């Protein structure tokens with residue numbers, strides 16, 4: 001695992017163009033209050049296990065699980081020309097996988113869940129963040145905050161991508177409605193787009 | 001490290017009363033845009049190293065570094081009677097440590113920074129979150145979201161604690177102004193208090 005043996009890579013802090021993914025189970029906290037703690041962990045872990053497999057299959061780097069939220073990047077530590085495309089295809093596969101997850105949930109008497117996925121592309125500082133006692137390969141920069149803001153408005157079952165991610169994609173995706181967001185610390189409105197389908 | 005060898009503890013998902021800490025360097029993203037990537041990593045790591053040492057000295061459990069933000073809990077995996085008190089004393093020490101951090105920053109030609117620290121006490125589900133390929137000891141529940149909301153309004157140099165944390169403290173702290181917050185998903189306003197000083 002390249003993240004475990006950083007000596008082969010420049011991890012001291014460099015500026016990287018990445019596509020950032022944030023996903024979140026809609027209303028999970030409220031849902032979790034109606035369940036036993038062990039059920040909550042079963043539900044969240046079934047979901048995270050499936051999502052982890054898909055993200056890794058697309059060479060995404062999982063930065064964090066934060067409760068039920070996932071933060072991942074495409075393009076660091078290794079950049080590839082199709083980082084944005086892989087991120088979008090990954091998000092489409094993640095949404096498609098929810099059907100099977102909910103089938104298993106119904107079998108186990110657990111509630112159905114839905115996830116919202118936000119993607120944004122921009123330059124971030126990537127490096128080993130932390131101390132000698134505890135460190136991780138992590139990311140800093142406005143594009144991280146912007147992704148979080150997009151995720152805030154993403155409904156269950158949706159994939160919302162920023163204009164910068166759209167511009168980074170190869171042609172052929174089916175794009176749905178777009179909308180404009182106000183983001184703290186940024187003067188212009190941010191345009192985001194629904195991704196409906198991959199190139200045929 | 002107890003978190004590395006979970007077999008000795010019940011980590012399958014149980015409800016725990018914990019005091020949650022979130023801290024954040026104010027305007028760090030904007031600050032970081034005026035610096036070289038290596039300087040950003042130097043700045044953030046000096047800060048995180050100092051904060052990690054203090055949090056560990058108070059037996060806090062660091063859940064995550066998320067960029068420059070720190071998420072820690074007091075009371076899991078091990079509960080102690082003074083979880084809330086240790087969290088507050090830890091926060092006071094963290095704020096006190098900023099002076100030395102900024103002295104070193106000035107020496108290195110780096111900008112001064114300030115941190116805001118939010119504390120909240122409540123019942124969360126704690127357990128091993130993730131998959132076989134990647135898991136961590138993590139936390140789920142409304143008190144996590146509430147802490148994040150308090151952190152949003154905490155200014156540099158401040159410590160804001162929720163009413164529930166205040167009620168969990170032993171007497172003797174010097175408390176400053178209080179204010180009320182609207183939190184998504186919660187009907188009543190949330191009362192938060194400034195902590196100014198520990199018991200003499």
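Worth pointing out:
- Bridge orientation summary for the protein assembly as shown: considering DSSP beta bridges with both residues in this region, about 90 percent are antiparallel.
- Helix-only arithmetic for chain A: the sum of -39500 (n - 2.57) across DSSP H runs with n ≥ 4, divided by the residue total, places the mean residue ellipticity at 222 nm at -11000 deg cm²/dmol.
- Unit Cα scatterers, Debye sum, region B:6-197: log10 I(q)/I(0) for q = 0.18, 0.19 Å⁻¹: -1.22, -1.32
- The average projected area of the protein assembly as shown, computed from the convex hull of its Cα atoms over all directions, is 19.9 nm².
- Across the identical copies, the label point of residue B:59 (7 Å from Cα in the Cβ direction) is separated from its matches by 4.7 nm, in order from shortest.
- Site pair residue A:136 and residue B:134 shows an inter-label distance of 1.0 nm when each label is modelled 7 Å from Cα along Cα→Cβ.
- Take the Cα of residue A:155, step 7 Å toward its Cβ, do the same at residue B:17, and the gap between the two points is 4.1 nm.
- Inter-probe distance in nm under a simple model that places probes 7 Å from Cα toward Cβ, at residue B:79 and residue A:108: 2.5
- Contact order relative to length of region B:87-200, as percent, for alpha carbon pairs under 8 angstrom and 6 or more apart: 24
- Relative contact order (%) - region A:66-147, alpha-carbon pairs under 8 angstrom, separation at least six: 20
- Over region A:110-200, volume per residue of the alpha carbon convex hull, in Å³: 159
- Per residue convex hull volume, Cα atoms of region A:1-120, in Å³: 112
- Shielding by partners for peptide A:32-45, expressed as the average number of C-beta atoms from other protein chains within 10 Å of each residue's C-beta, is 5.
- Seen from all directions on average, region A:62-135 presents a Cα convex hull projection of 6.8 nm².
- Placing a label point 7 Å from Cα along the Cα-to-Cβ axis, residue B:38 is separated from the same position in the other copies by 5.4 nm, shortest listed first.
- Cα-based convex hull volume of region A:129-177 per residue, rounded to whole Å³: 131
- Mean separation of Cα contacts under 8 Å, 6 or more apart, over the residue count of region B:6-197: relative contact order %: 25
Read the figures in this text as sums done on the coordinates, not as results from a lab. Because the structure is a prediction, the values reported are computed rather than measured. Using ideal geometry, Cβ is built from the backbone for each residue, glycine included, and neighbour counts are taken over all protein chains shown.
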